[in-house]
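These notes are about the structure you will find just below.
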């Protein structure tokens, strides 16, 4: 089992993506790897690099004190469990807490709303120029224009299938 812990001053960082480092531990509290957090450089692509680093280490559980709803959703979508703890705990208590199912976050809505993301008009948009990823994130996540066509006026019923609820 691999447990990722965002670290600041050898403790659990207060906010997940703002942690200076990410430590990867096994269930016996042994440090497997310690990396500088790629998300510290800012922007969508940097946060994606952080997510990829966690996935590359075959992480089973990420331990957080606070996390944004967008990143929480991405971790959960990647099949990575997320457990919440307080940064006053020592390493042994953190590892134990990570394995306790009662502290798991199960839905993206349990994360903090990203006020800056909305202020910027979402990824790569808005009057302030967006997040600074030069449109790469928006183009990667954009919908196929064929899906946006309006149904013909002769159609009387609207049918929906395969949508995921976004809050």
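Select from region 82-117 the residues that are under 13 Å from the mean Cα position of the chain (by Cα), within 20 Å of residue 14 (Cβ to Cβ) and not in a helix (DSSP H, G or I) and list them in ascending order. Scanning region 82-117 gives 82, 83, 105, 111, 112, 113, 114. Note on region 29-40: residues that are at negative phi and in contact with a helix residue (DSSP H, G or I) (Cβ under 8 Å, 6 or more places away or on another chain) amount to 5. Scanning region 19-40 for residues that are within 22 Å of residue 73 (Cβ to Cβ) and at pLDDT below 90 yields 39, 40.
The values are calculated or read from the model by the stated rules, or taken from the named source; none is laboratory data. This structure is a prediction, so every number in the text was calculated from the model and none was measured. No Cβ is skipped: glycine too gets one built from the backbone with ideal geometry, and neighbour counts run over all protein chains shown.
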